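The numbers here are math on the coordinates, done by the rules we state, and not lab data. If you're wondering where the values come from, they're calculated on a predicted model, not measured in any experiment. With ideal geometry, Cβ positions are generated from the backbone for all residues, glycine too; neighbour counts draw on all protein chains shown.
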């Protein structure tokens, strides 16, 4: 049978001054099976807290009482708050560790990287390391030095246990990110961390505090841009007129012939320019996605966002684009990859140097595969600063300038209306001005020759 607690008056300095110095604490209940203790010494006392822990009690010292000094000490009310917080955190930690080691930010990020690596490897049908893994290793987990690559220590955030994670911990980590990091890269990194922590919470809901998702949400909320300003719109020099797009395509055909791509590079650039789709979408197109009778291409939806996605977006194209794709569709099965390229393997390495030989054909797999040929394309076209993504930017602005509704432009390019408005607002405004100008008609009647009459007194 449990003993009845004998409570002592310890709420005020005056009451505590009447107590005798003793090696044992005086106790007072502050919650069911939670007691605040006060141990009296010769020169003041200290606070303790104990709480039921299995068959017995667990006891923890907390700090000095304000018997002699007020600064740096705890009065009764502060001691109560401190005690409740201590017990709450201890119980969370015990619950988190009940089924094994308590999950941390490190374990959450490692599990997320493993899932991303697995997903990307399945998509590319070979073992690869995801870009998320590289970012998170650099700014969360740390990495060992290798070659010219310096070692990077893990971020303090990595060791935080999820049951004890606070919004301030996440904000401190964000504030410590390098100022030289591009805003887009920083946002992708923050999104990765948020996804990792949310996945860890979903997998450990019975062990973690239900308020954790709110902490993650507010600690890693989306950035509003540099210094609170809106994100910058797309640069003008990446919005290309149709003549320059044609020049890039002609340069792609020339580079394709010079480097013996056999039309693979040329067809890739043609589809990117004609549809404004992302590389990852175009690379997944099949022969059956070329619908010549309907004069359109079916572009697979992107894999961005949550959940599995399927389907395709029909995009109208001209006969010139369809003719350029004829070699890739003639005599091939509808389910075959539309765009392929030669793969190479090293055959010799010695006195004769490294030589490569073709080792079969396969679909394009990574945007990095176009980096080197794109450099040659823009040099041949005389546009050394243009990026491959300019083809997508230009396609979006082309639709806006043609007067297409913003919702239709967003649907054709598999993005959102808000994203279009955020990054292409200036072209939306100018396009609306042009439409408004077309609606202007003469309203003032003209009678005979127009005459200017000087008003009296202003001659």
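In the frame of its principal axes, the chain has Cα extents of 107, 98, 43 Å, reported largest first. The angle between the Cα long axis of helix 371-381 and the longest principal axis of the Cα atoms of the chain comes to about 40 degrees, rounded to the nearest 10. When peptides 19-25, 120-126, 264-270, 76-82 are sorted by average Cβ neighbour count within 10 Å, with the highest value leading, the order is 264-270, 76-82, 120-126, 19-25. Each label point was placed 7 Å from the Cα along the Cα-to-Cβ direction; for residue 356 and residue 202 their separation is 3.9 nm. Estimated at 0.36 nm per residue, the fully extended path between residue 408 and residue 302 surpasses their Cα-Cα distance by 36.5 nm. Taking the chain as the reference, fit the longest principal axis to its C-alpha atoms, fit the long axis of helix 76-96 to the helix C-alpha atoms, and give the angle between the two in degrees, 0 to 90, nearest 10. Rounded to the nearest ten degrees, it is 60.
Its Kirkwood hydrodynamic radius, worked out from the mean inverse distance over all distinct Cα pairs, puts the range 236-438 at 18.3 Å. So for the pair residue 179, residue 260, with labels modelled 7 Å out along Cα→Cβ, what separation do we get in nm? It is 5.1 nm. Summed over all non-identical Cα pairs, the Kirkwood treatment of the range 105-228 gives a radius of 15.3 Å. Among 115, 260, the ranking by other beta carbons within 10 Å of each residue's beta carbon, starting with the fewest, stands as 260, 115. Computed extension gain for residue 334 through residue 151, at 0.36 nm per residue and net of the alpha carbon distance, reaches 61.0 nm. Placing pseudo-labels 7 Å out from each Cα toward the beta carbon at residue 280 and residue 428 gives an inter-label distance of 2.4 nm.
Relative to the longest principal axis of the Cα atoms of the chain, helix 183-203 runs at roughly 50 degrees. When peptides 168-180, 58-70, 289-301 are sorted by average Cβ neighbour count within 10 Å, with the highest value leading, the order is 289-301, 58-70, 168-180. For the pair residue 171 and residue 444 in one chain, pulling the backbone fully straight at 0.36 nm per residue adds 92.0 nm over the alpha carbon distance. Counting neighbouring Cβ atoms within 10 Å and putting the fewest first, the residues 104, 185 line up as 185, 104.
Counting only DSSP H runs of at least 4 residues, each contributing -39500 (n - 2.57), and dividing by the residue count of the chain, the helix-based mean residue ellipticity at 222 nm comes to -12000 deg cm²/dmol. Cβ crowding within 10 Å ranks 71, 46 as 71, 46, fewest other Cβ atoms first.
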